[in-house]
Amino acid sequence: MFNKWFKPTIPILRINSGIDHNSAKLVEESLKPLTRMKALAVIINSNGGMLVQGELMKKKIELFAKTHKIPLYTFAEDSALSAGYYLLSIGNKIFVDEASLVGSIGVLYLNLKIEKLTRKLGFEPRKFSSNKKLFQNYTGFNDERNEEMERIIKDQFGIMRQQFFDHCDKYRPQLQKQDGDVKDLIYNANIFTGIEAVKYGLADEIGNFEEVLNRLHPDCQLRDITRIPLAQYYIMKQQSQ
């Protein structure tokens, strides 16, 4: 019994949501050191989100691993797409399931034109901006196509897209060794299975976290450090009563 408390530990951090302010805050609150840590494992199940928040989460996770001088392993479960892959790629070793969905390296911008709908329902937006065209194109309160604003938006998202590409080149330099056709596939927001991800260099091996960590560190106990959001805690508490 007492041996359990003296075993080295591997903290497990789970990211099971979109990459946004809430998940970034959850990561910050969850990253608390344990005694005798041998590694940090981050399990990702995310279809993506905000690149800025992904960068903030990346820095917090890397700082934790660097501060405690431990390796960082990342694992994809169902999916690690877009900003989810942005985080997955920072692992010293990256593991995926055979059927995981991985990749979508790029930036997606979705804008629904709803001006006609809001007029029909009797809604009238009353927001003010020093750039009226930009406000209309970002919010969807303009059904007319504006090529100038489309160009501006594409330029802005092009900067984010290049940031993503530079990030992948830094953390997965083997991607640059692929031939031109494969690189076009990888850097064109395509989605791959886990098997394809290993084949193309997006991941290192097939394996789930328990199997891999018990193989690499058989003397360690795994400890889930993921903080449960307060709202989710109350729901779980009510369901258990």
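Some values worked out for this structure:
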{"read-out": "Residues satisfying the stated conditions in region 63-89, i.e. in a helix (DSSP H, G or I) and open to solvent by less than 30 Å² (accessible area, probe 1.4 Å)", "value": "Phe64, Ala65, Ala83, Gly84, Tyr85, Tyr86, Leu87, Leu88"}
{"read-out": "Residues (modelled with pLDDT under 85, in a loop (DSSP other than H, G, I, E, B) and among the polar types (S, T, N, Q)) located in region 201-241", "value": "Gln241"}
{"read-out": "Output for region 90-108, where each listed residue is open to solvent by 10 Å² or more (accessible area, probe 1.4 Å), touching a residue at least 40 places away in the same chain (Cβ under 8 Å) and among the polar types (S, T, N, Q)", "value": "Ser104"}
{"read-out": "Of residues in region 181-200 being at pLDDT 95 or above and open to solvent by less than 30 Å² (accessible area, probe 1.4 Å), the one farthest from Gly103 (Cα to Cα)", "value": "Gly194"}
{"read-out": "So Leu13, is it part of a helix (DSSP H, G or I) and either under 21 Å from Phe209 (Cβ atoms) or in contact with an Asp or Glu (Cβ under 6 Å, 6 or more places away or on another chain) (or both)", "value": "no"}
{"read-out": "Close pairs from region 18-34: first over 11 Å from Thr226 (Cβ atoms) and open to solvent by less than 100 Å² (accessible area, probe 1.4 Å), partner part of a helix (DSSP H, G or I) and not hydrophobic (A, V, I, L, M, F, W, C), Cβ under 7 Å, at least 6 apart", "value": "Ile19/Gln53; Ile19/Gly54; Ile19/Gly84; Asp20/Gln53; Ala24/Gln53"}
{"read-out": "Which listed residue, of Gln178, Gln156, Gln162, is modelled with pLDDT under 90, within 16 Å of Ser89 (Cβ to Cβ) and exposed (fewer than 15 other Cβ atoms within 10 Å of the Cβ)", "value": "Gln162"}
{"read-out": "Restricting region 35-62 to residues that are of a type in the set (A, V, I, L, M, F, W, C) and open to solvent by 20 Å² or more (accessible area, probe 1.4 Å), the residue that is farthest from Val102 (Cα to Cα)", "value": "Met37"}
{"read-out": "Matching residues, region 27-36, being more than 24 Å from Ala203 (Cβ to Cβ) and touching a Ser or Thr at 6+ places or on another chain (Cβ under 9 Å)", "value": "Pro33, Leu34, Thr35, Arg36"}
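The values are calculated or read from the model by the stated rules, or taken from the named source; none is laboratory data. Since this is a predicted model, take the numbers as computed values, not measurements. Cβ coordinates were reconstructed from backbone atoms using ideal geometry, including for glycine residues, and neighbour counts include every protein chain displayed. Ligands, DNA and RNA are excluded from the accessible area calculation, which covers all protein heavy atoms including side chains. Shrake-Rupley method; radii C 1.70, N 1.55, O 1.52, S 1.80 Å.
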